[in-house]
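Could you have a look at this structure, given as structure tokens, before my questions?
The values are calculated or read from the model by the stated rules, or taken from the named source; none is laboratory data. In this text the structure is predicted, and so the values were computed from the model without any measurement. Ideal geometry is used to build each Cβ from the backbone, glycine not excepted, and the neighbour counts take in all protein chains shown.
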Amino acid sequence: MRVHFVGIGGSGMSPLAQLRAWEGDYVSGSDRSHDRKQSPDRFRVLQEQGIFLYPEDGSGATSDCQVMIVSAAIERNHPDWEEAIKRDIPVLSRSQELARRFGHKTGAAVAGTSGKSTTTAMLSHILVHGGMDPEVICGAELPLLKGTRGLGNARSGGSDILVAEVDESDDSILQVCPEHALLTNLGKDHKPMEKLICLFEGLCDRTRGDIIYSEEDERLKAMMSGRSNALSFGVSGQGDYALEVLLLSPWESFLSWKGKTFTLPVPGLFNARNAAAALALAERMGLDPWKSIKDLEHFRGVHRRMERLGSPRGITIVDDFAHNPDKVKSSLHHLCAHSSRCFIFFQPHGFEPFRFFYQELCDVFLSELRETDVLFIAPIYYAGGTALKDIQSKDLADSLCVSGLDARAPKDRSVFLEEVLAQAQSGDTIAVLGARDPTLSDLCRQILARLSS
């Protein structure tokens, strides 16, 4: 088929586009970031997969285009979309395309407010090394897939098994009908809690086989009441599948699963929970638990998920995707526990999310940061569109300063860069937190290069 993806560079769209290209479809795409010449390496890799890139001016909706797939971030008046309507080209959402793939596979859907990408990565790692040859769709780049082909966020498998991250932000969680569902947690993100509960209940209702959920999440426990196919995991010694935490060190965890100890080479209690979830579902899918924990000892993490880039001069640099209150809280709790002082660069990932999370973010920063830590709140990331810009990063920084935190709102990154390079000392951590903006990793690499020179 001739398929055109609008917003092809996004974390949810790019894996679907690559899979289509690998299966022999003629794939094209457009993206704002490509037009702005942002993240050139990312788009170069897509082009290497045989994907042709058009500007976002409607020219991608050619007469031979048989279907257009649009990201949830695309407005209805987008030139590509309007041209598709003129030409009677069917337009599908990303969630509909994902649901189509589930329709042809024995799918395992990984959902949750936080930890989806890492849990998807851990489960995929276990299944690949267990010989099950799954297809993989993930919202992050996986070291497991680096060095193969593509961006590292998709895998074309030889079996009928699909492991895919499903997202509540665009309601894709409502579209899929999986064999198995894994629910990591349920917290405030994207939508009001009442709506999120309905979305997760809908996924559970459409799951044919096992539902694996967190024993420690009270909302999920209530949701699973009366479901005979629901099994729980936990790290507190409770649940149907219980993992014991022996020791959490700065960059690895020592754990016990079914009486056997192993080392997980990624940090934090949150990653221990992700591992418990992945191990539980892998066992339900027929894999030997002892081999699974041995394979997890070689897990190499996920890009931008508490990713340690280096420690020049004894100063640790961390690139992290944390953006909602739960993620930010987990990241800060771990970083502050293992650093003498933290310099945190936090970039809100949109005006609407920042407004939605404002009070919770304020509470998290006040509860987790110390008087010696320094918080830099960058200007709100704007990806285009019709966002209401009635709130600014400085509003939060000013509120935090009144409460005694050292919170600053630099107008550009160069101010942050020069200040942190002048102040950071051995034993400190510099962490860049935020989502959506692909240039955040560039900032981390810039910090690393300056400290290493």
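Pairs only if they're at least six apart or on different chains, beta carbon under 8 angstrom, first in region 45-56 and on the phi > 0 side of the Ramachandran plot, second modelled with pLDDT of 95 or more and assigned to a helix (DSSP H, G or I); list them, first residue then second.
G50/A21
Follow-up. For region 242-286, enumerate the residues that are touching a helix residue (DSSP H, G or I) at 6+ places or on another chain (Cβ under 6 Å), without any contact (Cβ under 8 Å) to a residue 60 or more places away in the chain and of a type in the set (F, W, Y).
Listed by number, the residues that qualify are W257, F262.
Which one is farthest from I74 (Cα to Cα), of the residues in region 7-20 that are crowded, with 24+ Cβ neighbours inside 10 Å and over 16 Å from the mean Cα position of the chain (by Cα)?
Among those residues, the one meeting the criterion is Q18.
Also: Sort out for me the helices (runs of 4 or more DSSP H) sitting completely within region 27-98 that have 2 or more residues that are closer than 30 Å to R445 by Cα. Steps first, please.
Values: elements: 32-35, 40-48, 79-86.
Because the criterion is at least 2 residues that are closer than 30 Å to R445 by Cα, the helices (runs of 4 or more DSSP H) in region 27-98 that meet it are 32-35, 40-48.
Go over the candidates R370, R341 one by one and state the one that is closer than 23 Å to S311 by Cα, surrounded by 15 or more Cβ atoms within 10 Å (Cβ to Cβ) and at pLDDT 95 or above.
Working: R370 fails: surrounded by 15 or more Cβ atoms within 10 Å (Cβ to Cβ).
So the residue among R370, R341 that is closer than 23 Å to S311 by Cα, surrounded by 15 or more Cβ atoms within 10 Å (Cβ to Cβ) and at pLDDT 95 or above is R341.
Let me ask you something else. Show me the strands (runs of 3 or more DSSP E) found entirely inside region 345-453 where at least 3 residues are assigned by TED's automatic domain parsing to the domain that holds A72. Lay out the reasoning, then the answer.
Working: elements: 374-377, 406-408, 428-434.
Passing ranges: none, list empty.
While we're looking at this one, here's another question. Restricting to region 270-287, and then to whatever is out of contact with any strand residue (DSSP E or B) (no Cβ under 6 Å at 6 or more places or on another chain) and more than 23 Å from P178 (Cβ to Cβ), can you tell me which residue is surrounded by the fewest Cβ atoms within 10 Å (Cβ to Cβ)?
F270
With A154, A121 as the choices, which residue is more than 20 Å from V266 (Cα to Cα) and surrounded by 18 or more Cβ atoms within 10 Å (Cβ to Cβ)? It would help to see each step written out before you state the result.
Working: A121 fails: more than 20 Å from V266 (Cα to Cα).
Among A154, A121, only A154 is more than 20 Å from V266 (Cα to Cα) and surrounded by 18 or more Cβ atoms within 10 Å (Cβ to Cβ).
May I pose another question? Against the conditions (1) modelled with pLDDT under 95; (2) of a type in the set (S, T, Y); (3) surrounded by fewer than 21 Cβ atoms within 10 Å (Cβ to Cβ); (4) in a helix (DSSP H, G or I), where does S330 fall short? Just the number, please.
Single failed check for S330: (3).
Do we find that E168 is without any contact (Cβ under 8 Å) to a residue 60 or more places away in the chain and closer than 23 Å to N185 by Cβ in this structure? Step through it out loud before you land on a result.
Working: without any contact (Cβ under 8 Å) to a residue 60 or more places away in the chain: yes; closer than 23 Å to N185 by Cβ: yes.
In short, yes.
Any residue that is among the aliphatic types (A, V, I, L, M), over 26 Å from H104 (Cα atoms) and either surrounded by 19 or more Cβ atoms within 10 Å (Cβ to Cβ) or under 23 Å from the mean Cα position of the chain (by Cα) (or both) - is there at least one of those in region 22-40? Break it down stepwise before answering.
Just the residues of region 22-40 that are among the aliphatic types (A, V, I, L, M), to begin with: 27.
Narrowing the set further to residues that are over 26 Å from H104 (Cα atoms) leaves none.
For region 22-40, residues among the aliphatic types (A, V, I, L, M), over 26 Å from H104 (Cα atoms) and either surrounded by 19 or more Cβ atoms within 10 Å (Cβ to Cβ) or under 23 Å from the mean Cα position of the chain (by Cα) (or both): absent.
Further question: Could you please let me know if L151 is more than 30 Å from P40 (Cβ to Cβ) and either within 21 Å of the chain's Cα centre (by Cα) or of a type outside the set (A, V, I, L, M) (or both)? Outline the logic, then answer.
Details: more than 30 Å from P40 (Cβ to Cβ): no; either within 21 Å of the chain's Cα centre (by Cα) or of a type outside the set (A, V, I, L, M) (or both): yes.
When the stated conditions are applied, L151 does not pass them.
Which one of these is more than 24 Å from A242 (Cα to Cα), in contact with a Pro (Cβ under 8 Å, 6 or more places away or on another chain) and not polar (S, T, N, Q): E360, E297, E283? Steps first, please.
Values: E297 fails: more than 24 Å from A242 (Cα to Cα); E283 fails: more than 24 Å from A242 (Cα to Cα).
Of the residues listed, the single one that is more than 24 Å from A242 (Cα to Cα), in contact with a Pro (Cβ under 8 Å, 6 or more places away or on another chain) and not polar (S, T, N, Q) is E360.
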